[in-house]
Structures are given as C-alpha cells and as structure tokens.
Amino acid sequence: MKVMVVFNGGSTSIKYKIFSTNLRLIKQGAVTNLPADNLSLYKKGIKKAFKEIFCFKKDIILIGHRVVHGGEKFTQPILIKNNKTIKELAKYNHLAPLHNPFNIAILKQAYKYFPKAFQVAVFDTGFFANLPEEAKIYGLPPLFLKKFKIQRFGFHGLSHEYALNQACKKLSKNPKKINLITAHLGGGTSICAIKKGKAIDISMGFTPLEGPLMMRRAGSLDPGIIFYLLKSGYKAKELEKIVNFESGFFGYLKTDDFQEVLKKVKSKDKKATCIFNAYIYQIQKYIGAYYVLLKHIDAIIFTGAIGSGDPYTRRKICQNIEFLKKIPVLSIKSNEELLIAQKAIRFLK
C-alpha cells in the first residue's frame, strides 16, 4: 500500500501523520520536548521521528512539509526538486527563527532519507498572500517594501484555513459567504479576520513576533523599546533571543507549559495573573478591531492547543465582549497535517 507522510515541525516538537492516498489516517505520532534554541539537538529529534516511521519507508511516495515563512516568493505549495530550492527557502530562516530553521532541517533530512518520494512544501504564509494593500503595508517609506520586501505576511495560515473549512461545515455556510474571526492560541498566538472566505487581516506581520504576547515571544512592541535597549548596551542578537525565546509567559513564569500557567492563575499567583490578564486583554483588542472591520460575523473560532483546550481561557476572552453573546463561539481542534496532505496530494495527479 502506498502512503504519504506529513511532517509538522514546531519549535519544540515534530508531529507526523501517515495517510493513505485517499487521505485515511494510518498512523500518527510526535517527538516532543525538543530544545527551542538548539538546532543540533533538534536534528536528533528528526532522526527519532524517522525511525518511528521506518517500517513504511518503501511505501512512502509523497512527503508534505509545513514551512512557516515563504516570504514574498513562495505562497503556493511547491514540489522540492533539488537542493537549490531548499537553499532558497532557507533565506527566510531569520524571519521565523523559532520555526523555519527546523522546518528546513526536516526537509533536508527527508530529501536525503526518502530520495524516491515527492517532497512538497506548504507555507503557513500562503493563506495571507492576497491581503488587501491597507492591511499589508507598514508606515515605512516605499523603498523598504520594494527593496527589503517588508510587509505583513501573516502566519498560522494552515490553522486558520482549516478552522475556516471546518466552520463552514459546522454552520452549513458557503465558504464564499462566511465572515469569521479565528483565533489560533497555542505556543504562538494569532487572530485573523476572514471576510467572504478570504483573510483580510492577521495579527502577525513581517515575522511571527507581532500580535498578542505568546508563550515565549514578546508580541507587539513599541519599536522605540528596541532602540532604547540597543543604546543601553544590548546587542542585536541578544535582543532577538529575548523577544523570540525569553519573553511572554516564559519571561514572567519560566515555563511555557500553559497548563502550569493556568494552575498558577487559578491559585491567584500574582505574576501569573498579571501576564495572563495582559494576554486576554490583547486578544480582546484584536477581536474588537476585527469585528469593526467585518461589521458582521457568523462565528468566532478558537483553535490551537490553548484555543481548543481548557475552556477557561476562552471564557475569559469572551466574558466581557457583548457581541459574542449573540453569535456562535466554536472550539475547533486544528488538523494542519490533514490540510497539508490535501494540498500536497495534488502533486501526484
């Protein structure tokens, strides 16, 4: 029996699913607790994941890969034909340092380990490729868009797109007529406005740092803070590490286990309550802003490990937003791997 594999590499885990060619799930697994800032150790996790699917090696004809940042060049799924394409993808590693280097590492190893299989890269930024100009541009001079491609790319596109598809089914809505606010809450956090089935805004921007604070990322900052810290003696690399790996919930509580965070919040821990309330507040601001943009929404969707997990966080977000009392609030468990499989399998036809 011929099968396909999907690898979904995060900063601290490698999830995989094996599907038949008619998209029936055969096996799934994950290698977890990988170091978010150590690529060498992460590669050992890749080898472990490959060992877990070794018995399928002769049957694998297609491998789908999640790649977080495709830049302005890569928006649609692509077939990886040679190492040149992999090198092109690696140029965007610095824009998503928590994900892209790990995504590329998996892709490189799979290309060597499964040489006969088609390798397809599917991009998290693809869902936002056609954002309206007013949502896409920043207030920098046009030179920076033209020369450096500085624009809003958006992330978690696979999760938001899957949530859209599932919401249409649950609500019996035509995808071209549905308005949604989708909230992906997990290790990263992003809020998306969807109008008539198309993304029109997303809280993440040029990199996955923008938007509400996250498990390790600082979220949106006044740029002046960075300049101030540079003048105060910090180096650019130090600051990059701080805002990507050492901020958010981790910066306050030295944990990126959200269950631990909730335990502390429910036990009235002051620091945990402070950062949790800031998290809720920032998410609420995006939901309110997107409701104004959309004018009418058919539902709000919560997805991601936190969004579709313990309802405590969802309740806190929704409790002070009056318009959410009049519309469906749905919890949808993400299945990015299935969406990647659906997009990648087209290359077999």
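Selection of segment 181-204 for residues being buried (at least 24 other Cβ atoms within 10 Å of the Cβ), at pLDDT 95 or above and of a type outside the set (A, V, I, L, M) yields Thr182, His184, Thr189, Ser190, Cys192, Ser203.
When only residues in segment 85-97 that are surrounded by fewer than 23 Cβ atoms within 10 Å (Cβ to Cβ) and of a type in the set (A, V, I, L, M, F, W, C) count, which is farthest from the chain's Cα centre (by Cα)? Top of the filtered list is Ile86.
Just one of the numbered conditions (1) exposed (fewer than 15 other Cβ atoms within 10 Å of the Cβ); (2) touching a helix residue (DSSP H, G or I) at 6+ places or on another chain (Cβ under 8 Å); (3) not β-branched (Val, Ile, Thr) is not true of Lys333: (2). Selection of segment 237-264 for residues being of a type in the set (S, T, N, Q), in a helix (DSSP H, G or I) and surrounded by fewer than 18 Cβ atoms within 10 Å (Cβ to Cβ) yields only Gln259. Scanning segment 48-77 for residues that are over 21 Å from Ile14 (Cα atoms) and out of contact with any Lys or Arg (no Cβ under 7 Å at 6 or more places or on another chain) turns up Lys58, Lys73, Phe74, Thr75, Gln76. Looking only at residues in segment 298-330 that are buried (at least 18 other Cβ atoms within 10 Å of the Cβ) and hydroxyl-bearing (Ser, Thr, Tyr), the one that is nearest to Lys177 (Cα to Cα) is Thr303. With respect to (1) surrounded by fewer than 17 Cβ atoms within 10 Å (Cβ to Cβ); (2) within 22 Å of the chain's Cα centre (by Cα); (3) part of a strand (DSSP E or B), the lone exception for Asp37 is condition (3).
For segment 42-62, taking the residues that are within 22 Å of the chain's Cα centre (by Cα) and modelled with pLDDT under 90, the one that is farthest from Tyr113 (Cα to Cα) is identified as Tyr42.
For Gly139, are the conditions met, namely being within 16 Å of the chain's Cα centre (by Cα) and of a type outside the set (Phe, Trp, Tyr)? It is false that Gly139 is within 16 Å of the chain's Cα centre (by Cα) and of a type outside the set (Phe, Trp, Tyr).
The values are calculated or read from the model by the stated rules, or taken from the named source; none is laboratory data. Treat the numbers as computed from the prediction; the structure is a model and nothing was measured. With ideal geometry, Cβ positions are generated from the backbone for all residues, glycine too; neighbour counts draw on all protein chains shown.
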